[in-house]
Amino acid sequence: MTKDTNSSSSYKELHQANNAFREYFLNDSSESVAAYRQVMTSLAETIAEQVKGQQQPYSGKSPADLVAGIAALDIFPEHGDTLQNVLDRTKELVIESNISVYHPYCLAHLHCPTFIASLAAEMIISAFNQSMDSWDQAPAATMIEQALCDKLCEVYGFGADADATFTGGGTMSNFMGLLLARDHYSQTHFNWNIQLQGLPAEASRFRIICAEHAHFTIAQSASILGLGAHAVVKIANEGLDEEVAALENTILSLKEQGLLPIAYVTTVGTTDFGSIGAIGQLADCAHKHGLWIHVDAAYGGALMFSDKHKYKLHGIETVDSVTIDFHKLFYQPISCGAFIVKDKAMFNYIKLHAAYLNPESNEELGILDLVSKSIQTTRRFDALKPFIALQHIGVKKFGEMLDHTIALADEVSNIIDEDPQLQLAYKTPINAVVFRYVPGEALSDAEADAINSDIKIKLLLSGKAIIGQTAVYERAYLKFTLLNPMTSVDQVVDLLNEIKEMGAVLEAAYMAVCDNETVSNS
């Protein structure tokens, strides 16, 4: 047989290209392994030196400064550069301008420092790049994730019928809770399968109830689910407590109007105040009226691992579904969340089979394909992060860390409450502290709001501190989110003194303007 010249030439070209491409990937060649070791070692050293030497949580660069640095780059260059050159530019653009979550003055958001053990897990996750949708893509990883899900169900007090799945965080977990609530209500009340038939005619009357301080993702989820943001009914409370009587009255009122309350969402750790509802009582009320109750415990769910504070989650074992975020008080790298459901059969509302991915025959063979209980297909092995971290640290030490941050918040709250220049908004049950600088009586509420807003921005743009800002009864307040167990009372007191000094300077400037206006008018 005569060999085809063109075919031979094409084969040779493919072989050459194959060899040329290999240098860009991690593979079994000694050159690739050496390159991987070199770049990871070098990058780890760069990151370590940055963390070690970063004296402020931020460099202080303005948005314009950052845009200018990026604008000088060719974002999609025709030809590549050496990886070392690219990483050198990245060091200047990204690493040196990061917000350091490890710094004691990074206090604005539910944005945590991360365990070293979890950073090691991230290295494994990214290197092997397993997807958690089907068992044949991640055999051992699937079993570890399921074991972690089973343990989570046990820790939160659910029985053998419960199950969980890992998600990208609270937004997706809250969405899943309301998705299952919607579909379960439709199926049980109207024998209507939304997965197959779309929304029933009655869906326009569906209502989801929550407190006014619930997370914005409740309204967002209602919109995406085709119910509309108007389907969310918020209960206004005098304080932060979610009142059972108010829930009862709201349910009855909605039913009298011919509306269909399908779910109640209670929050365990509101974003601003860390407030927690009386879960068991709220669940009893919701279930009495046939509502699904979902607990958004993205922030406060970690308290179940604290012997001292787990009582605050009493009754969580009676609810229908729970949101947990590991990238908040569990100190895991973003992203890492979980969704727990009391009855694993509820996952049937989202289960689908694809011949190429999770055929029904896999179930008959006992093969576990996690895509069957997720609204994501491709998904990272994020469960490895809390798995490795808790194996390393242990539940006891982890619980002590949580207790420490709550004790820190209590002490800081007391210091603020006793300071005439500061005003505490509420004493909160977790580790969020909301307060404001109080100027003299000569300034208006609007001017006091402006001073507090200016303090937050000036601290940010100086790079000295990243603190939060919120509103309480339409007045501007500042916020410390004291997640970091490495932060000390003395450091927070120093920052409070800085805030008071800045407030006094801003107050004097406002008073000078007022005096000038008075002179001009006279």
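The values are calculated or read from the model by the stated rules, or taken from the named source; none is laboratory data. Keep in mind it's a predicted model, so treat the numbers as computed, not measured. A quick note on method: Cβ atoms are made from the backbone with ideal geometry, for glycine too, and the neighbour counts reach across all protein chains shown.
Of all residue pairs spaced 6 or more apart or on separate chains, those with beta-carbon atoms under 8 Å, a first member in region 227-238 that is assigned by TED's automatic domain parsing to the domain that holds Ile194 and β-branched (Val, Ile, Thr) and a second member that is exposed (fewer than 13 other Cβ atoms within 10 Å of the Cβ) and assigned to a loop (DSSP other than H, G, I, E, B) are Ile235/Glu212.
Of the residues making up region 256-269, just one is surrounded by 24 or more Cβ atoms within 10 Å (Cβ to Cβ) and assigned to a loop (DSSP other than H, G, I, E, B), namely Gly269. Any residue at all in region 91-99 that's aliphatic (A, V, I, L, M), closer than 24 Å to Asp325 by Cα and surrounded by 14 or more Cβ atoms within 10 Å (Cβ to Cβ)? For region 91-99, residues aliphatic (A, V, I, L, M), closer than 24 Å to Asp325 by Cα and surrounded by 14 or more Cβ atoms within 10 Å (Cβ to Cβ): present.
For every residue, the table says whether it meets (1) free of Cβ contacts under 8 Å to residues at least 12 places away in the same chain; (2) surrounded by 14 or more Cβ atoms within 10 Å (Cβ to Cβ); (3) at negative phi.
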residue: Ile455; (1), (2), (3): no, yes, yes
residue: Leu459; (1), (2), (3): no, yes, yes
residue: Ala465; (1), (2), (3): no, yes, yes
residue: Met486; (1), (2), (3): no, no, yes
residue: Lys500; (1), (2), (3): no, yes, yes
residue: Gly503; (1), (2), (3): no, yes, yes
residue: Tyr510; (1), (2), (3): no, yes, yes
residue: Val513; (1), (2), (3): yes, no, yes
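Among the residues of region 217-226, those identified as of a type in the set (A, V, I, L, M), farther than 17 Å from Ile276 by Cβ and either touching a Leu at 6+ places or on another chain (Cβ under 8 Å) or in contact (Cβ under 8 Å) with a residue 40 or more places away in the chain (or both) are Ala222, Ile224, Leu225. When Lys344, Lys310 are screened for being surrounded by 15 or more Cβ atoms within 10 Å (Cβ to Cβ), in contact with a helix residue (DSSP H, G or I) (Cβ under 9 Å, 6 or more places away or on another chain) and without any contact (Cβ under 8 Å) to a residue 24 or more places away in the chain, only Lys310 passes. Of the residues contained in region 198-210, none is found to be outside any loop (DSSP other than H, G, I, E, B), of a type in the set (A, V, I, L, M), crowded, with 16+ Cβ neighbours inside 10 Å and in contact with an Asp or Glu (Cβ under 8 Å, 6 or more places away or on another chain).
For the residues Ala44, Ala71, the requirement of being without any contact (Cβ under 8 Å) to a residue 12 or more places away in the chain and exposed (fewer than 10 other Cβ atoms within 10 Å of the Cβ) singles out Ala71.
Restricted to region 104-160, and to residues there that are under 21 Å from the mean Cα position of the chain (by Cα) and of a type in the set (Phe, Trp, Tyr), the residue that is farthest from Ser372 (Cα to Cα) is Tyr105. The residue that is surrounded by the most Cβ atoms within 10 Å (Cβ to Cβ), counting only those in region 434-447 that are at pLDDT below 95 and hydrophobic (A, V, I, L, M, F, W, C), is Leu443. Residue under question is Ala471, and the condition is that it be farther than 30 Å from Glu96 by Cβ and at pLDDT below 95; does it hold? Yes. Name the single residue, out of those in region 225-255 being part of a helix (DSSP H, G or I) and in contact with a Lys or Arg (Cβ under 7 Å, 6 or more places away or on another chain), that is surrounded by the fewest Cβ atoms within 10 Å (Cβ to Cβ). The selected residue is Leu254. Of all residues in region 389-441, those satisfying the criterion of being in contact with a Leu (Cβ under 8 Å, 6 or more places away or on another chain), in contact (Cβ under 8 Å) with a residue 60 or more places away in the chain and part of a helix (DSSP H, G or I) are Phe398, Leu402, Thr405, Leu408, Ala409, Val412, Ile415, Ile416. For region 450-505, the set of residues classified as assigned to a strand (DSSP E or B) and more than 30 Å from Ala302 (Cα to Cα) consists of Arg475 only.
Within region 306-359, can you find the residues that are of a type in the set (Ser, Thr, Tyr) and over 29 Å from Ile262 (Cβ atoms)? The answer is Ser306, Tyr311, Tyr331, Tyr356.
Applying the criterion of being in contact with a helix residue (DSSP H, G or I) (Cβ under 8 Å, 6 or more places away or on another chain) and without any contact (Cβ under 8 Å) to a residue 60 or more places away in the chain to the residues of region 200-216, the residue that is nearest to Ala298 (Cα to Cα) is Cys210.
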